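Report on the following structure.
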Amino acid sequence: MSLKDQITDDMKAAMRAKDSERLSTIRLLIAEIKRKEVDERVEVDDAQVVAIVEKMIKQRKDSITQFENGGRQDLADKEKSELAVLSTYMPAGLSDEEVAAEVAAAVAASGAAGPQDMGKVMGILKPKLAGRADMTAVSAQVKKALAGG
């Protein structure tokens, strides 16, 4: 079953369970998927769905920070509940050790000699780790590895 079908089934289950919070979040996700399909005239695959979910999660995290800084805990809580629903569609995350091993392998494979080769290394890592690791943290690890080497 594709991830898109899974999301549609989850929407139907949320409707039956009258779970309005979960239903509204899933509907937002489906709308975003449909928007991408219409805009680009393509049928999205699982990787593209994960990218959409990842983008929505990043937006929620930014919103939570902004709402908490603005003293709007009610809105921050709503974003947190949406974040929890969206997170269920992400693939299993990698541990710090697994990410470090991938970074070391990518640095070795690219023959990177210093910070100027960061683009090469990130180019190797992005397709492998997208959706499975926080790319900001991966970028920081690559920077550290290249500065030390």
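Here are some notes:
- Picking from residues in segment 83-95 that are of a type in the set (A, V, I, L, M) and in a helix (DSSP H, G or I), the one that is nearest to the chain's Cα centre (by Cα) is 86.
- Residues within segment 106-123 that are farther than 13 Å from residue 138 by Cα and either over 22 Å from the mean Cα position of the chain (by Cα) or among the aliphatic types (A, V, I, L, M) (or both), tallied: 10
- If the condition is being loosely packed, with under 14 Cβ neighbours inside 10 Å, in a helix (DSSP H, G or I) and of a type in the set (Val, Ile, Thr), then segment 22-64 contributes only 38.
- Odd one out for residue 144, checked against (1) among the charged types (D, E, K, R); (2) within 30 Å of residue 22 (Cα to Cα); (3) out of contact with any Lys or Arg (no Cβ under 8 Å at 6 or more places or on another chain): (2)
- For segment 9-21, residues that are within 14 Å of residue 88 (Cβ to Cβ) and part of a helix (DSSP H, G or I) total 6.
- Top-ranked residue in segment 96-129 [being touching a residue at least 12 places away in the same chain (Cβ under 8 Å) and not in a helix (DSSP H, G or I); ranked as surrounded by the most Cβ atoms within 10 Å (Cβ to Cβ)]: 112
- Subset of segment 108-149 [more than 29 Å from residue 46 (Cα to Cα) and of a type in the set (Asp, Glu)]: 117
- Inside segment 83-95, residues that are surrounded by fewer than 18 Cβ atoms within 10 Å (Cβ to Cβ) and over 28 Å from residue 123 (Cα atoms) make up a count of 1.
- If you go through segment 130-141 and keep only what is open to solvent by less than 50 Å² (accessible area, probe 1.4 Å) and touching a Pro at 6+ places or on another chain (Cβ under 9 Å), you end up with just 131.
- In this structure, residue 76 qualifies as among the aliphatic types (A, V, I, L, M) and in contact with a Phe, Trp or Tyr (Cβ under 7 Å, 6 or more places away or on another chain).
- Top-ranked residue of segment 132-149 - restricted to ones that are within 16 Å of residue 97 (Cβ to Cβ), small (Gly, Ala, Ser) and assigned to a helix (DSSP H, G or I), ranked as nearest to the chain's Cα centre (by Cα): 137
- Qualifying residue in segment 81-95 (condition: closer than 27 Å to residue 147 by Cβ and without any contact (Cβ under 8 Å) to a residue 40 or more places away in the chain): yes
- Test: residue 80 is surrounded by 14 or more Cβ atoms within 10 Å (Cβ to Cβ), under 24 Å from residue 128 (Cβ atoms) and more than 12 Å from the chain's Cα centre (by Cα): no
The values are calculated or read from the model by the stated rules, or taken from the named source; none is laboratory data. Remember, predicted model here, so these are calculated numbers, not experimental data. Reconstructed Cβ throughout: ideal geometry from the backbone, glycine too, with neighbour counts over all protein chains shown. Only protein heavy atoms, including side chains, enter the accessible area calculation; ligands, DNA and RNA are left aside. Shrake-Rupley method; radii C 1.70, N 1.55, O 1.52, S 1.80 Å.
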